[in-house]
Amino acid sequence: MASLVEILTVEHLAISRTGVIRGSYDPEGFVSFRAYMKECHIEIEEKICFPILEAYPFNDAKTFSANVERIKADHKLIDTLAGNIIKWSNDGKTEMLEGRLPLFYKLLTEHNTEEENDLFPRWDSIDSQILRSSSKDAMSIIDSFGRKEYMKIIGYNDSSFSYFFGLK
Ligand SMILES: [Fe+2]
Ligand SMILES: [Fe+2]
């Protein structure tokens, strides 16, 4: 079984290689990707990962919380831009869409790198009981989103998915 932060890091790797945000835009694929980001990746971060980290008594807890708030504000920005991209696509504003898609990719990948630098390393301080239950909690968010769709977006096969989520 992988830890929640390992699961999120694998998602970041998959996101950085996702075709629909790297220039090979397709309307349906982008709509699915936005749904995955909002309902799954961001949901796991904001509902499971960040609250656990914020509850830990770090020496710099105040600064850390401010960092978390900044990261959450990024989530709103990322989703708003994704919504605009879909709107421009529906309205046939191809130039606008092609101009902003690289910005969306940059914003998202830089955001993910910040999480990996500033938040995820703190996961090492978390108790092993919480480590196990947090991966299970993530699993229920993934199932609400759709396990098959999630596996397709991240690139898991049955074996790798079972291993990461401790299903065997
Ligand atoms: Fe995030
Ligand atoms: Fe992330």
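Worth pointing out:
- Single condition residue 82 does not satisfy, out of (1) surrounded by 12 or more Cβ atoms within 10 Å (Cβ to Cβ); (2) under 23 Å from the mean Cα position of the chain (by Cα); (3) of a type outside the set (Ser, Thr, Tyr); (4) more than 30 Å from residue 2 (Cα to Cα): (4)
- Taken over the range 1-12, the criterion of being among the acidic types (Asp, Glu) and more than 12 Å from ligand 2 (Cβ to nearest atom) is satisfied by 6 alone.
- Every condition in (1) in contact with a Ser or Thr (Cβ under 8 Å, 6 or more places away or on another chain); (2) more than 13 Å from ligand 2 (Cβ to nearest atom); (3) part of a helix (DSSP H, G or I) holds for residue 15 except the one numbered (2).
- Matching residues in the range 18-48 - criterion: being assigned to a loop (DSSP other than H, G, I, E, B) and either within 15 Å of ligand 2 (Cβ to nearest atom) or closer than 18 Å to residue 148 by Cα (or both): 18
- The range 92-143, residues that are open to solvent by 10 Å² or more (accessible area, probe 1.4 Å), within 15 Å of ligand 1 (Cβ to nearest atom) and among the polar types (S, T, N, Q): 109, 113, 117
- Filtered residue count, the range 14-35, keeping only those that are among the small types (Gly, Ala, Ser) and free of Cβ contacts under 8 Å to residues at least 12 places away in the same chain: 3
- Residue 39 vs. criteria open to solvent by 60 Å² or more (accessible area, probe 1.4 Å) and either within 16 Å of ligand 1 (Cβ to nearest atom) or not polar (S, T, N, Q) (or both): yes
The values are calculated or read from the model by the stated rules, or taken from the named source; none is laboratory data. If you're wondering where the values come from, they're calculated on a predicted model, not measured in any experiment. Every residue, glycine as well, gets a Cβ built from its backbone with ideal geometry; the counts of neighbours run over all protein chains shown. Ligands, DNA and RNA are stripped out before the accessible areas are found, and what is left, the full protein with its side chains, is counted by its heavy atoms. Shrake-Rupley method; radii C 1.70, N 1.55, O 1.52, S 1.80 Å.
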